[in-house]
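**Student:** The following block contains the structure, expressed as structure tokens.
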């Protein structure tokens, strides 16, 4: 039985447990709800939980570990000639075995007997695994129901137990976010450490050349590839800078206009329209940049006798800036609206004009919040992927010329990991090292920005 | 009430009593008002720029997308000779499926152009028809084997280049070397047109097919189903997790170091670049747990982790907006904390939570980068039937097509974007509607 | 755009020339049939009031009676509220301040305002006081500006307390000091009239006493209109008092007379504490 079916079975058993609990409780109480400690529902939930919790854990655990365990069993069962293959070929082989077992298309031309044996073994393994799982599931859930049923008595504090369990579930859920962060940090660190065993960290951080292609032969020149991240970091900074040159002034002025000048009606229309900009998928911006903006600048360059690459940092940066406008404007708008009205009145009362009030009173008062919003914008620019993947280049040029093609950290992560990959090569692991840099930089920016913004909020609360 | 004597006192009289800087103030006014107007104009300019770019983006994409919704077809009369298809006359599925339908079409085409004889010309002639035409006839014959031996008129798609020519995307007057259609092919096409065999129809393939290398056979249905399965997984995972953690953090959590850590962590997680989640998915779900690559279930899990903070933050603010008086009233009647939440607070907060969820799902629907990391970028022709089948999603399909060199893919990319944006608009309108419908003033 | 009625008056920021009796009698601000509306709701009904130069006029009355609304219409602060509409005539030195040709920025430079809650800008003490002179371009040099700031702070009785820390933020001062800073800020522009909207309501008694003392001193150079909740305060600081009730100006007279022998029953009722 497949996992969705098993989940369905679990759900049915749980519902059965619920009704069993209810009726059992009423029976023990002689049909009088008054005699029960808790409402009959809670006895239903009680049995339901005893059934669902272990069953759910079992299914999820099985699902997570099944593949790994079966793979190792399969490898152990392969003839030596196969199991001693290098990791990359072995994984290809396993894939074929699985495909063969499922009756799918297989990548190799000749299907030898060993492979067929392995496939048969795998198919058998698969059936055994599912049957075993079904058996254990039924045993565990029914066991749970029986145990819980035995405990039901009028004075069982079912509500308290159920609430305690609910609380525990909620606490577990709330830790998922922390676990995610932990997972990100650990996986990035772990893979990066493996990368740094192949490439020295200093070469990575300060190296001026990036050409990660690995050689075909071991003795070839540049067999290890060059992993100097400086051109990528410089490219990221160049594009982010261009983006912020668009997003910061436009976003800020738009926020000023909306919070200080715009009549309520205009504000009511313009604000959602601006937010549409934030809701457009980045892949759409990427397409727009590559299809419309980049050729436009190229043509413009030709008119002025400049060579502007069709993958120029300029086009990617400007489109990214457009994407970031609403992030800057909506947060800046919020912080400016939070500046107390009394400060505005104080300034108007002295005969200041609106723009004088804005420039000399409101902006200085809202400055921390505005800085925070711009920092968040920068963090978004650095982490943005699709626009640069589609509109910026792959060539790791170390240049500050916005008309040339540059590449960024995110572009390289995508290039290194998309397509066929051997998992242990420096090339693949380099992506995680780049990811680590990206994560650290954006994390620091976010923490600074959020701290500033929160401090600012407290000031006017 | 007033002593009206000095009503008529002149300005000079009144101003004598003051020693102020009227003069200086007056002198500066003109300059100050100019600055005021300038500043306001900058604001309007900024908004106009943003709106203009939004408008430009939409018009570019919509105008590029429109041609994709039609397809140039040819109504070709073919003869299904039994000796070509089923010489033995067994009508076995295997035979019918692997028969040489290419020959059938080719023959019909050569009959139309008896003057084309050279091998090269014949190949170019045949290139005008989509390779997909073969499958069209095969499916037709397999559905109704009685057609064998008949003469039938079949409508089949023409190749993407001819399609582009017909729609005017490839200009006939441009030099032959700069276009993908030969002069000869143009002439043949005009002959077909003159005989009334060419027809432009609504492009149903685009909405019903999976991906293909041939633009005229490519559709978004596969990607849309992939998106659907991915979103289902995302919703099923993130919604309960987010609501449970929001309730705990907002209603029960004691204020201490640990809960503060969780809070800071959630806020930061919301701003982590999406590609990092992709790396997490690759390292943990695929490499560590050995889950299948390219499967919506993995994509859904990654996107669920990504949208989790968004939904938690929205759910918390929705819970916060339920006034304490409701809770106090319920507690006053002896309800347990969990009963207060499930009976009173949660139903009142639900519209807000759902709004946040829709917005989070809309974000996830448009997300591309993390899915590239977990292999959802593969070229997949089949329409997925479940969350474990290899699949791609709409934004990734857009990315793949945007990368394709064929001109016809540009319009299909734009059309796919329109479809994606339509879904996003529907979701956001739903969110706005929900907010308006259940908006409560406490 | 602005009346050039003051062309003959030389720019002079330090005000120390004596005030003659005739000038003191002059009517500075004159309100005729003033009606104020917030959207559909009328907040003031036909108010007629003369405010004499170099006197302190206090506006009293129960909450919501329209006294603050009236005060804010004297320098058109109500303009900042979209739905607010003023009818009737208010003139400053005979010039209608709601006239199309009157510039509101210029008007507010002549009619300054101090608010209920001290609202120093998040800037240094010096910059707070220098703000008005700077935006209005009243000085050409730094030393001149420093002179203005010092004079203004001295007039507000704050100089000795802050002279050593002019570069520290104004928000760091105590409530009473902040309010005097706001008064200094208003004084620095050398307005003709200073409007005060319950300037002491957020302050403790000692700070209040200081501000009241200050108001009395400022009377010499400025015309002052003060809204207050406290009848004692009105009695202490003002020469004339106007009593507002439900949007109507019920009575106005010399303060002494108002508090000893009011004409209107409602005034009497309010003053003796029967409502309010």
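Here, each number is a calculation from the coordinates, and none is a lab measurement. Quick caveat, the model's predicted, so the values are computed rather than measured. Neighbour counts run over all protein chains shown; Cβ positions are idealised from the backbone, glycine included.
**Student:** What are the semi-axes of the equivalent ellipsoid for segment A:226-460, taken as the square roots of 5 times the Cα gyration tensor eigenvalues, largest first, in whole Å?
**Tutor:** Numbers: eigenvalues 276, 89, 43 Å².
Over the Cα atoms of segment A:226-460, the ellipsoid semi-axes are 37, 21, 15 Å.
**Student:** Taking 8 Å as the Cα distance limit and 6 or more residues as the minimum spacing, I'd like the relative contact order of segment A:318-426 as a percentage. Before the final figure, lay out each step's value.
**Tutor:** Numbers: 71 pairs, mean separation 27.0, N = 109.
It comes to 25 percent, rounded to a whole number.
**Student:** How large is the convex hull of the Cα atoms of segment B:310-393 per residue, expressed in Å³ as a whole number? It would help to have the intermediate numbers written out before the result.
**Tutor:** Details: hull volume 10.5 nm³, N = 84.
Normalising the Cα hull of segment B:310-393 by residue number yields 125 Å³.
**Student:** On to the next question. Write down Rg/Rh for segment B:317-365, rounded to two decimals, with Rg from the C-alpha atoms and Rh from the Kirkwood relation over Cα pairs.
**Tutor:** Values: Rg = 13.2 Å, Rh = 11.7 Å.
Rg/Rh: 1.13.
**Student:** Obtain the nm distance between the two label points defined at residue A:226 and residue A:41 by a simple spin-label model: each point lies 7 Å from its Cα along the Cα-to-C-beta direction.
**Tutor:** Inter-label distance under the simple model: 6.9 nm.
**Student:** Once you put a point 7 Å from the Cα of residue A:72 and another 7 Å from the Cα of residue A:266, both along the Cβ direction, what distance in nm separates them?
**Tutor:** 6.8
**Student:** For segment A:3-156, what are Rg and Dmax over the alpha carbons, in angstrom?
**Tutor:** In order Rg, Dmax, the Cα atoms of segment A:3-156 give 23.1, 75 Å.
**Student:** If each Cα of segment B:38-110 is one equal point scatterer, what is log10 of I(q)/I(0) from the Debye formula at q = 0.22 Å⁻¹?
**Tutor:** Log10 of I(q)/I(0), two decimals: -0.96.
**Student:** Provide B:350, B:306, B:427 in ascending order of the number of other Cβ atoms located within 10 Å of each residue's Cβ, fewest first.
**Tutor:** Working: B:350 16, B:306 26, B:427 19.
By the 10 Å Cβ count, ascending, the order reads B:350, B:427, B:306.
**Student:** Hey, with R₀ at 22 Å, roughly what FRET efficiency would residue B:325 and residue B:350 work out to, going by the Cβ-Cβ distance, to 0.05? Spell out each step's value before the answer.
**Tutor:** Details: r = 19 Å, r/R0 = 0.85.
After rounding, the FRET efficiency stands at 0.75.
**Student:** Using helices alone, I'd like the mean residue ellipticity at 222 nm for the protein assembly as shown: each DSSP H run of four-plus residues gives -39500 (n - 2.57), total over residue count, nearest 500. Before the final figure, lay out each step's value.
**Tutor:** On the way: 48 runs with 696 residues, N = 1179.
Roughly -19000 deg cm²/dmol at 222 nm, from the helical runs in the protein assembly as shown.
**Student:** So what's segment B:129-249 giving for Cα Rg divided by 2.2 N^0.38 Å, two decimals? Display every interim value, and only then the final one.
**Tutor:** On the way: Rg = 22.5 Å, N = 121, 2.2 N^0.38 = 13.6 Å.
Scaled against compact globular proteins, the figure is 1.66.
**Student:** Expressed in whole Å with the largest first, what are the equivalent ellipsoid semi-axes of segment C:187-247 derived from the C-alpha gyration tensor as the square root of 5 times each eigenvalue? List each step's numbers first, then the result.
**Tutor:** Details: eigenvalues 67, 49, 24 Å².
So the three semi-axes of segment C:187-247 are 18, 16, 11 Å.
**Student:** Report the FRET efficiency, 1/(1 + (r/R0)^6), for residue B:173 and residue B:152, where r is their Cβ-Cβ distance and R0 is 35 Å, rounded to 0.05.
**Tutor:** On the way: r = 37 Å, r/R0 = 1.06.
Once the sixth-power term is evaluated, E becomes 0.40.
**Student:** Taking segment B:136-196, how much of its Cα-Cα pair set, in percent, is spaced more than 20 angstrom apart?
**Tutor:** On the way: 801 of 1830 pairs.
Result: 44 percent of Cα pairs exceed 20 Å.
**Student:** Order of C:91, A:72 from fewest to most other C-beta atoms within 10 Å? Numbers along the way, then the final one.
**Tutor:** Details: C:91 20, A:72 11.
The most exposed by this proxy come first: A:72, C:91.
**Student:** Let me ask something else. Tell me, Kirkwood radius of segment B:69-203 from alpha-carbon pair distances, in Å? Could you put the intermediate results ahead of the total?
**Tutor:** Values: mean 1/r = 0.0634 Å⁻¹.
After inverting the mean inverse Cα-Cα distance, the result is 15.8 Å.
**Student:** What percent of all Cα-Cα pairs in the protein assembly as shown falls into each 10 Å bin, going from 0 up to the bin containing the maximum distance?
**Tutor:** Bins of 10 Å from zero give 2, 8, 13, 15, 15, 14, 12, 9, 6, 4, 2, 1, 0 percent of pairs.
**Student:** Just for the Cα atoms in segment B:221-438, what are the lengths along the principal axes, largest first, rounded to whole Å?
**Tutor:** 69, 41, 29
**Student:** Here is a further query. Looking at the protein assembly as shown, what % of its DSSP beta bridges pair antiparallel, to the nearest 5?
**Tutor:** Working: 41 of 59 bridges.
Around 70 percent antiparallel, to the nearest 5.
**Student:** Explain nothing, just the number: relative contact order of chain A, from Cα pairs under 8 Å at least 6 residues apart, as a whole percent.
**Tutor:** Computed over chain A, the figure is 16 percent.
**Student:** How large is log10 I(q)/I(0) at q = 0.13, 0.15, 0.16 Å⁻¹ when the Debye formula is applied to the Cα atoms of segment B:235-353, each weighted equally and without solvent?
**Tutor:** -0.61, -0.75, -0.82
**Student:** If I model a spin label at residue A:32 and residue C:268 as a point 7 Å from the Cα along the Cα→Cβ vector, what separation in nanometres do I get?
**Tutor:** Those two pseudo-labels are separated by 7.5 nm.
**Student:** For chain B, report the translational diffusion coefficient in µm²/s to the nearest whole number, using Stokes-Einstein at 4 °C, 1.567 mPa s, and a Kirkwood Rh over Cα pairs. Please report the intermediate quantities before stating the final value.
**Tutor:** Working: Rh = 27.8 Å.
The calculation lands on 47 µm²/s.
**Student:** Let me ask something else. I'd like the mean, over residues of A:385-396, of how many other protein chain beta carbons sit within 10 Å of each residue's own Cβ. Don't skip to the answer; put the middle values down first.
**Tutor:** Values: counts 11, 12, 0, 0, 7, 5, 0, 0, 0, 0, 0, 0.
Per residue, the number of nearby Cβ atoms from other chains is 3 on average.
**Student:** Based on the Kirkwood radius over alpha-carbon pairs, what is the Stokes-Einstein translational diffusion coefficient of segment C:115-220 at 25 °C with 0.890 mPa s viscosity, in µm²/s?
**Tutor:** Values: Rh = 13.6 Å.
So the translational diffusion coefficient is about 180 µm²/s.
**Student:** Right, something else. Neighbour counts of other C-beta atoms within 10 Å: give me C:76, B:195 arranged from fewest to most.
**Tutor:** Values: C:76 19, B:195 10.
Least crowded to most crowded, the residues run B:195, C:76.
**Student:** Across chain A, how large is the tail of the calculated P(r) beyond 36 Å, expressed as a percent of all Cα pairs? Can you show the working numbers first?
**Tutor:** Working: 59565 of 106030 pairs.
Tail of the P(r) past 36 Å holds 56 percent of the pairs.
**Student:** In Å and whole numbers, how far do the C-alpha atoms of chain C stretch along each principal axis, longest first?
**Tutor:** 55, 44, 40
**Student:** Give the Rg (one decimal place) followed by the Dmax (whole number) of segment A:221-348, computed from C-alpha coordinates and expressed in Å.
**Tutor:** Cα-based Rg and Dmax for segment A:221-348 come out at 19.5, 72 Å.
**Student:** Considering the Cα trace of segment B:378-419, what is its radius of gyration and what is Dmax, both in angstroms?
**Tutor:** 11.2, 33
**Student:** A further question on this structure: What relative contact order, as a whole-number percentage, does chain C give when Cα pairs under 8 Å and 6 or more residues apart are counted? Numbers along the way, then the final one.
**Tutor:** Values: 513 pairs, mean separation 72.1, N = 276.
It comes to 26 percent, rounded to a whole number.
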